[in-house]
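Down below is the structure, laid out as structure tokens.
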Amino acid sequence: MTKSKKLFVALAAVAAMSLAACSSSDSASTTESSAAADTQVVKKIAFFGFWKSNSFTQAVLAGVQEGAAAAGAEVVDLSTAGYDAAAQIKAVQDQTIKGDAQMYVMLASDSVGMATAAQEAIAKGITVVAAFTPLGAKFDTLEPQVPGLVVVGETPISNGKVLAEIAVAACEGKATCNVAYLEGFKALPLDNARTAAFVETLKGSSVAGSKIKLVAQVEGGYAADSGKKAAQDVLQAHPEVNVMVGSSQAILGATDVVDTTKVALIGNGSSTEAYANVKSGKWFGLYNSDIKGMGVKSVEIGLAQANGQKPNPVFDTQTLLDAHGTKAIIGDLMGTYSDLS
């Protein structure tokens, strides 16, 4: 064999080995990526909101989708068409039987009834995150009442306490401050717990130079129409009201029938309308919360739980923002959902 032929053979051999090495490296990289995907614990997250068209639900879902996208997980929205607690529980149970989602994030319409469905899912190895409100019959704690549950939210009692504290601030400078509270639904245990916390906190509070009195406590519900009617009834019986507190939807209705230069309005919600009314001065305050951030945090902690990292299973969403949403506190914040849709 001539020298030139020997050189050609040697170069060919080197080239072949280089190609083989590159092929091996590419193959190894592909295999590693595939293995990582195969070992990812959560590939699909099932989301159960209050109902599909509810803008609060959509705001939380946006946060869940953001958190899931960062982790490379799919999100399927299994929220019911309308507000139906029984249908929501059934949707959770049906998904547990189907078994193709490794994690749930839920806004429970019935926080007591949903506890059983959550327990069933956890028993199947599914990571369950209760967002916004805890699951179970105890409303004074965020500690999981279902073993293995992750809770990312707040208690209705802490919510009621903050609302009362905002009302007390609104009373400052008034010799006598008459407060009206438009509670949600008297039939809901969660609402009753919130109301009790509001009343207890208000009665135990004082502000310099003001005598605070709760003069009215009526059902205002979660709609502008019901809030408007409740406000009219309160004003007819107690025209001397100085402060009125209720769901942000109810207070939207009340805005149309009260003199906002004389009555300080406080809405329990963080909708775009609520922020706009506080900024304009029509409302004294709102319950300030990061709704989208709640969704992101739910995924973050849920994934850590699913991956066996043993995170703290409790996250108080009141730590995301100062909940006392007066004009000075909210600054340039804007809502991520509407009370009108």
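None of the figures in this text is laboratory data; all of them are computed from the coordinates on show. Just so it is clear, the structure is predicted and the values come from calculations on it, not from any experiment. Cβ sites come from the backbone with ideal geometry, for glycine too, and all protein chains shown count toward neighbours.
Structure above, values below:
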read-out: Order of 211, 174 under a 10 Å beta carbon neighbour criterion, fewest first; value: 211, 174
read-out: The stretch 194-308: C-alpha pair distances exceeding 19 Å, %; value: 53 percent
read-out: Where only C-alpha atoms are counted, convex hull volume of the stretch 34-161 per residue in Å³; value: 107 Å³
read-out: Cα-based equivalent ellipsoid, the chain: semi-axes from gyration tensor eigenvalues, Å; value: 54, 22, 16
read-out: Distance between modelled label sites at residue 225 and residue 338, nm, 7 Å Cα→Cβ extension; value: 1.8 nm
read-out: Sequence-distant residues sharing a close amide H with residue 217 (under 5 Å, placed H); value: 181
read-out: Estimated D of the stretch 148-233 in µm² per second, where Rh is the Kirkwood radius over Cα pairs and Stokes-Einstein applies at 20 °C, 1.002 mPa s; value: 155 µm²/s
read-out: Taking 266, 97 and counting other C-beta atoms within 10 Å, the order from fewest to most; value: 97, 266
read-out: Pairwise centroid distance, computed over Cα atoms, of the stretch 290-330 with the stretch 77-117, Å; value: 21 Å
read-out: Per-residue HN-Hα couplings for the stretch 54-68 [Karplus 6.51, -1.76, 1.60; θ = phi - 60°; Hz; x = Gly/Pro]; value: 5, 5, 5, 4, 5, 5, 5, 4, 4, x, 4, 5, 5, x, 5
read-out: Backbone N within the stretch 99-113 under 20 Å of label point (7 Å from residue 41 Cα along the Cβ vector); value: 99-106
read-out: Degrees, to the nearest 10: 3-39 long Cα axis against longest axis of the chain; value: 30 degrees
read-out: Ranked 200, 300, 273, criterion: other C-beta atoms within 10 Å, fewest first; value: 200, 300, 273
read-out: Of 324, 235, 260, farthest towards positive along the dipole that unit charges on Lys, Arg, Asp, Glu beta carbons give the chain; value: 324
read-out: Inverse of mean 1/r across different Cα pairs in the stretch 225-286, Kirkwood, Å; value: 11.1 Å
read-out: FRET E, pair residue 77, residue 328, Förster distance 35 Å, beta-carbon r, rounded to 0.05; value: 0.45
read-out: In sequence order, calculated HN-Hα J values of the stretch 150-156 (Karplus, 6.51, -1.76, 1.60; Hz; x Gly/Pro); value: 9, 10, 10, x, 8, 8, x
read-out: J(HN,Hα) series, the stretch 250-261, from Karplus relation 6.51 cos²θ - 1.76 cosθ + 1.60, nearest Hz, glycine and proline x; value: 5, 5, 4, x, 5, 4, 6, 10, 10, 7, 6, 7
read-out: Aspartates and glutamates with Cα under 14 Å of residue 124, excluding same-chain neighbours fewer than 8 positions away; value: 94, 100
read-out: Cβ-Cβ FRET estimate between residue 238 and residue 185, R0 fixed at 22 Å, reported to 0.05; value: 0.50
read-out: 5 angstrom amide H check on residue 264, placed H, neighbours 5+ away; value: 243, 244
read-out: Full-stretch length increase - residue 319, residue 70 - with 0.36 nm per residue and alpha-carbon distance subtracted; value: 87.4 nm
read-out: Other-chain or far-sequence residues with amide H under 5 Å of residue 321's (modelled H); value: 290
